[in-house]
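A short write-up of the structure that comes next.
The values are calculated or read from the model by the stated rules, or taken from the named source; none is laboratory data. All values derive from a computational prediction rather than experimental measurement. Cβ: placed from backbone, ideal geometry, glycine included. Neighbour counts: every protein chain shown. We work out accessible area using only protein heavy atoms, side chains counted, and drop any ligands, DNA or RNA first. Shrake-Rupley method; radii C 1.70, N 1.55, O 1.52, S 1.80 Å.
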Amino acid sequence: MAKLHIFNAGPCLLPQVAIDNAIEALRDFKGTGVSLISISHRTKGWEETMDECRALWKELLNIPDTHEVVFLGGGASMEFLYVAMNYLEKKAGYLDTGVWAHKALKEAQGLGEAVAVACSKDRNYCYIPKGYEIPTDLDYFHITTNNTIYGTEIRTDIDCPVPLIADMSSDILTRKVDVSKYALIYGGAQKNAGPAGVAFAIIRKDSLGKVSRYIPTMLDYRVHIDKQSMFNTPPVFPIFVMNETLKWLKSVGGIEAIQVQDEKKAEILYAEIDRNTMFRGTADKADRSIMNVCFVMAEGYEDKQDEFMEFAKSRDIVGIKGHRSVGGFRASIYNACTLEDVQALVDCMQEFEKKNA
Ligand SMILES: *Cc1c(COP(=O)(O)O)cnc(C)c1O
């Protein structure tokens, strides 16, 4: 089979070495003769994997001692609930920048008062609101740093007068983050950190324990910190692959190196979208995501959409269909996606233009 260029939005492309090592571990976990999915999670070999994974998160993201990393089931969507359970006492504020941000807000509204401080729905979430003021009476302010569906991103660590909480599902491990500015950073692994089935949380320990409600055991971040993510059976397979993904990231030079490559990939693709007469980007230029590149057929070429999709498929390009709420195309160019993959898409767009424009 020809090598495919995979642009899936999540679950997505992971480094081949992580996939290969996962296959080997499914056969034989660390030479024990037992499959990864049959070992006890209390064996020493597994605890070493957990420790290694935690240590890699801390090393790669330069996480200070004030914060702890935990691994959870339930995905980012479950963490929408964790956030409200662990932090909402009187009132929370959310930056409503897309479907995921809105779902996070709704989950908090089920437990108390939560408001949208600013919202970009008026233009189908194609930009990040600016010039809003964060009220100082909030328990926390919640942002979604990368809006996977709309291709917008907050790529700086904002100043915030109240505890800052960020869903970084789709841009974690793609840039240096000043973790000390956040009470909590969380997300599902399946966009840059590993396969589906595990979520992560980077928690400032002293930000917890400030709410008066009863928190169900499994939804209490303190329990997972105390038990080092082993309160119950951890999702061993996704954590194993996440660890392999982080090892790969370290081997290619860590965040500093991947950030250069990620920005370069995005630059090349956006440059083509802006140059090519047949396509146009949907997100405001100032807020464009480095991870999810959204574009549509330009005016006059709307009827060519299906044809381009077929053309791309014939060039071994897969996963570029846009989310139904935006339409058009979305190329997700996460860490494991290479410059060659992006170049293949750019070449394909140029050929299509030559044929049609
Ligand atoms: C994919 C995604 C989610 C949902 O993640 P699940 O793990 O499927 O619950 C939440 N937020 C963002 C920004 C996402 O990209």
Qualifying residue in region 74-90 (condition: touching a Ser or Thr at 6+ places or on another chain (Cβ under 7 Å), within 12 Å of the ligand (Cβ to nearest atom), touching a residue at least 24 places away in the same chain (Cβ under 8 Å) and not in a strand (DSSP E or B)):
yes
When you scan region 242-256, do you find a residue that is surrounded by fewer than 19 Cβ atoms within 10 Å (Cβ to Cβ), part of a loop (DSSP other than H, G, I, E, B) and of a type in the set (Ser, Thr, Tyr), even just one?
no
From the set of residues in region 57-73 that are open to solvent by 10 Å² or more (accessible area, probe 1.4 Å) and either in a strand (DSSP E or B) or not β-branched (Val, Ile, Thr) (or both), which is nearest to the ligand (Cβ to nearest atom)?
73
Looking at (1) within 28 Å of residue 216 (Cβ to Cβ); (2) assigned to a helix (DSSP H, G or I); (3) acidic (Asp, Glu), can you tell me which one residue 52 breaks?
(1)
What do you reckon, is residue 196 assigned by TED's automatic domain parsing to the domain that holds residue 37, under 17 Å from the mean Cα position of the chain (by Cα), among the hydrophobic types (A, V, I, L, M, F, W, C) and surrounded by 23 or more Cβ atoms within 10 Å (Cβ to Cβ)?
no
Looking at region 206-214, is at least one residue within 16 Å of the ligand (Cβ to nearest atom) and at pLDDT 95 or above?
no
State all residues of region 329-355 that are open to solvent by less than 40 Å² (accessible area, probe 1.4 Å), more than 21 Å from the chain's Cα centre (by Cα) and not aliphatic (A, V, I, L, M); if no residue qualifies, say none.
348, 352, 353
Take the conditions touching a residue at least 12 places away in the same chain (Cβ under 8 Å), β-branched (Val, Ile, Thr) and within 16 Å of the ligand (Cβ to nearest atom) and apply them to residue 117. Does it pass?
no
Which one is surrounded by the most Cβ atoms within 10 Å (Cβ to Cβ), of the residues in region 100-114 that are more than 10 Å from the ligand (Cβ to nearest atom) and part of a helix (DSSP H, G or I)?
108
For region 231-255, pairs from a residue that is within 20 Å of residue 174 (Cβ to Cβ) to a residue that is surrounded by fewer than 22 Cβ atoms within 10 Å (Cβ to Cβ) and basic (Lys, Arg), with Cβ under 6 Å and 6 or more apart or across chains, are 255/176
With in the same structural domain as residue 239 (by TED's automatic domain parsing) and more than 25 Å from residue 206 (Cβ to Cβ) as the only criterion, which of 20, 65 stands out?
20
Taking region 165-205 only, how many residues are more than 16 Å from the ligand (Cβ to nearest atom), over 18 Å from residue 53 (Cβ atoms) and of a type outside the set (Asp, Glu)?
6
